[in-house]
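Below is one structure; the comments refer to it alone.
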Amino acid sequence: MPGERLSAGPSDGPPPGSREKLNVTLVEPELVVEVGVDVARDASGRWRHPARRHRARPDVSPTDIAPL
């Protein structure tokens, strides 16, 4: 089931809105989910508010989606 593959990230990260640099791990996409985002971005182009997961889309393959 798609929901079983999703989990919260580590809770020891920087607080929301922090300018602290984060470690990034690139992964191969396996699952498509719909997300909602606010259109507001800061001066460096980052979303000002966190994205919110709406639902998994098992009917869509990651190869069907254009890269951001």
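Annotations for the structure displayed:
- Selection status of residue 14, surrounded by 10 or more Cβ atoms within 10 Å (Cβ to Cβ) and at pLDDT 80 or above: no
- Look at segment 26-55: where a residue is closer than 19 Å to residue 15 by Cα and free of Cβ contacts under 8 Å to residues at least 12 places away in the same chain and a partner is among the small types (Gly, Ala, Ser) and surrounded by fewer than 11 Cβ atoms within 10 Å (Cβ to Cβ), sitting 6+ places away or on another chain with Cβ atoms under 8 Å, you get 47/40; 48/40.
- Qualifying residue in segment 35-51 (condition: within 13 Å of the chain's Cα centre (by Cα) and modelled with pLDDT of 85 or more): yes
- Scanning segment 29-58 for residues that are among the small types (Gly, Ala, Ser) and in a loop (DSSP other than H, G, I, E, B) returns 40, 43, 44, 45, 51.
The values are calculated or read from the model by the stated rules, or taken from the named source; none is laboratory data. The shown structure was predicted, so the numbers you read here are calculated from the model rather than taken from an experiment. Note that we place each Cβ from the backbone using ideal geometry, even for glycine, and neighbour counts take in every protein chain shown.
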